[in-house]
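Taken together, the values in this text are just the output of simple stated rules run on the coordinates, not laboratory data. Since we're looking at a predicted model, the values are computed, not measured. We place every Cβ from the backbone using ideal geometry, glycine too, and count neighbours over all the protein chains shown.
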Amino acid sequence: MLAVPAPDTTAGYRAGEYRSDGPSSHTDHRAMDYFRAHWSPADRAQSRVTDIRSVGGYLRIYTNLPESAHNSRTAVVLCERGMDYLRAAGAARRVVFVHARFGGNGNPVLANILGPSDRSCTLTHPAPG
């Protein structure tokens, strides 16, 4: 069973560390290693991952996908893979967010699973604009 690292908080972030266009001091290396071990970098969905962080008890998968890719097949697949990782890690509460690349709206959510009552990685709350 994999150990899920203690949640980070946003306290202490320096300007620019909200960007997630690559690994940072907040990268969840266990999750990154899990993704690399299970999916090839040549895999279409895997090639979109720029960083994975465990923040506030949530798994956040950052991508280079555009904001318009909400509920795209790639975003949903990455969300499902995040759930696979959390199951393998033995996480009791499984929450996954897949984020778009950094832009004017920060890193918008493209797909998510919000807990045990959420059965699909498709973005439903709030409904995409």
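Quick check on the stretch 33-114: take the gyration tensor over C-alpha atoms, sort the square-rooted eigenvalues as a ≥ b ≥ c, and tell me if it's rounded (a/c under 1.5), prolate or oblate. Oblate, because a/c is 1.5 or more while a/b does not exceed b/c. Taking 7 Å steps out from each Cα toward its Cβ at S24 and S120 produces label points 3.1 nm apart. Computed from the C-beta positions of H38 and N105, the FRET efficiency with R₀ = 22 Å rounds to 0.15.
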